[in-house]
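Right, one structure below, let's go through it.
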Amino acid sequence: MTAISWTPERFHSLAEFWPTRLVLESVALNVYGELAERPLAAPELADRLGLEMRAATLFFDALAALELLHKKGERYVNCAAAKRYLVPGSADYVGHELIAAQDAWDVWGRLPAALRSGERQREDRVFEDDPEAARHLLLAIHRRAEPRAREMLDRGWLDLKARRRMLDLGGGVGTYSIVFCRAFPSLHCTLVDRPTAAALARAEISAADLEDRIEVVEGEFEAVELPPSFDVVWVSNVIHSRDATANLDLFRRVYGLLDPGGGGEVIVHDFVMEEDRTRPAPGAVFSLHMLLNNGVGRSYTFGEIKGWLDAAGFKEVERIGDHRDIHSLVTGKR
Ligand SMILES: C[S@@+](CC[C@H](N)C(=O)[O-])C[C@H]1O[C@@H](n2cnc3c(N)ncnc32)[C@H](O)[C@@H]1O
């Protein structure tokens, strides 16, 4: 049985990508930020954005046609939706997602080369080498992850009431540490991530007033010194960017960081694929994103994840959630 209903209209809609590219480009160029203060005529707006005048006029008119800009005489002004969602700094800003998508677009354009060579199509590594791209991507992930974290708690997927010390491995900007600390008053977290994420995490944790309960450790997880004293290790959206050997190494290290007294657990949160690797569908598509971006990662099946956890020494490995959930949890006890 298929959940996707393929009709001629649906196929046609796949070809209607021009407005998408137009809007992504306008956000990446910060058209709406430039217009935040006052309306501007095409020559001044083009000049501020470094665009050629004739091309820029076509561009601004198309954005007006899409009702993101209004045209008042010869001047352009932000429409209400652009003011609310596309001006950097506004409370409902969605630009990080769109700028991250714009970045991904260029890499996806090299899909044919990736399919022929099997090789990654990006020179740099986003999280390590490109702080600006990493910032947009991490804040985009944060925006989507926050409601998901709360939903997991609402669904009773994890109960950390009895937990005291959580390691948030590759914790990004601190989304899960913050949501979990708010929900479970006895919990303290240590978040490990690279410099760009660590700086953003410190800011989010400070804004949440949780500096006394969430510590940020900056560096490569493999290299930083950590005490073997955690009773839970949270590994969210990390394994999909690594190969099998790197994941087995990671889980061996995680095992060694859990309190040797026992009772600790690892919780993996990621796309968890059915054994035929086609469901959940977003996970199958995401595997191509990993091929394009880092060449080694992909979405893994429950069997593969369980295999690494078993080999690392974990017991009672279980999956929480199923193929109807975009992401599931896999847990293992020390
Ligand atoms: C896709 S983001 C996920 C962020 C967060 N855990 C979440 O699920 O929303 C992956 C994060 O893991 C970090 N990461 C991956 N491998 C790492 C390593 N070896 N050491 C430190 N951080 C790592 C990246 O820098 C990035 O911030």
The correct count of residues that are modelled with pLDDT of 95 or more, closer than 27 Å to GLY256 by Cα and of a type outside the set (A, V, I, L, M, F, W, C) in region 146-178 is 12
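Out of ASP325, ASP310, ASP249, ASP276, which single residue is farther than 21 Å from VAL192 by Cβ and either part of a helix (DSSP H, G or I) or within 14 Å of the ligand (Cβ to nearest atom) (or both)? Before the answer, list the steps.
Values: ASP325 fails: either part of a helix (DSSP H, G or I) or within 14 Å of the ligand (Cβ to nearest atom) (or both); ASP249 fails: farther than 21 Å from VAL192 by Cβ; ASP276 fails: either part of a helix (DSSP H, G or I) or within 14 Å of the ligand (Cβ to nearest atom) (or both).
Every option except ASP310 fails the conditions.
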Quick count over region 130-161, residues being of a type in the set (D, E, K, R) and more than 25 Å from ARG21 (Cβ to Cβ), is 8
Going through region 21-34 in order, the residues found to be under 14 Å from LEU86 (Cβ atoms) and either of a type in the set (Asp, Glu) or part of a helix (DSSP H, G or I) (or both) are LEU22, VAL23, LEU24, GLU25, SER26, VAL27, ALA28, LEU29, VAL31, TYR32, GLY33, GLU34
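Taking into account only those residues within region 252-273 that are aliphatic (A, V, I, L, M) and either assigned to a strand (DSSP E or B) or modelled with pLDDT under 95 (or both), which is surrounded by the most Cβ atoms within 10 Å (Cβ to Cβ)?
Among those that are aliphatic (A, V, I, L, M) and either assigned to a strand (DSSP E or B) or modelled with pLDDT under 95 (or both), it is VAL268.
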Checking ARG110, ARG122, ARG143 in turn, the sole residue that is among the basic types (Lys, Arg), surrounded by 13 or more Cβ atoms within 10 Å (Cβ to Cβ) and under 15 Å from the mean Cα position of the chain (by Cα) turns out to be ARG143
- Message: Given the condition in contact with a Ser or Thr (Cβ under 8 Å, 6 or more places away or on another chain), more than 25 Å from VAL126 (Cβ to Cβ) and crowded, with 21+ Cβ neighbours inside 10 Å, answer yes or no: does some residue in region 165-186 qualify?
- Response: yes
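The values are calculated or read from the model by the stated rules, or taken from the named source; none is laboratory data. The structure displayed is predicted, hence computed values, not measured ones. All Cβ positions, glycine included, derive from the backbone under ideal geometry; neighbour counts span all protein chains shown.
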